[in-house]
Amino acid sequence: MSHILVIEDDEFFSELLLELLQQDGHKVSLATDGAKALQLLAIQRPDLIITDILMPNMDGVEFIMALAKQDSRIPVIAMSGGRRSISPEFSLESAKLLGVKTTLTKPFTHTDLRQTVQLALA
């Protein structure tokens, strides 16, 4: 299957995504923020990136902009559950403007994740 880089600061959710994606046969790498993800990208090239939007250090929007500067062709799925002052819809619409392939609003099901990954890789 595919190699997927997951960027997620919530350890529990990150491990859950790892398990679900591995169940579907994917190889998965994990990063806790955009800066760590950029370090990983210097040594490996995944087929797909799934990034949270709201994270400490380098958030998902900053990561997507940095990736665009590298002229990367790796498809990106942005995901967000929002925070009190920012709705997930606002965060994900911002990501779409930056060119992400598709989005996921947290919480989502395994079926939602599988379908979104298939769409992004198509």
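At-a-glance table
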item	result
Helices (runs of 4 or more DSSP H) fully within segment 53-122 counting 1 or more residues that are modelled with pLDDT of 85 or more and out of contact with any Lys or Arg (no Cβ under 8 Å at 6 or more places or on another chain)	60-69, 110-121
Enumeration of residues in segment 4-32 that are touching a helix residue (DSSP H, G or I) at 6+ places or on another chain (Cβ under 9 Å) and of a type in the set (S, T, N, Q)	GLN23, SER29, THR32
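The values are calculated or read from the model by the stated rules, or taken from the named source; none is laboratory data. Values in this document were obtained by computation on a predicted structure and should not be read as measured data. Every residue, glycine as well, gets a Cβ built from its backbone with ideal geometry; the counts of neighbours run over all protein chains shown.
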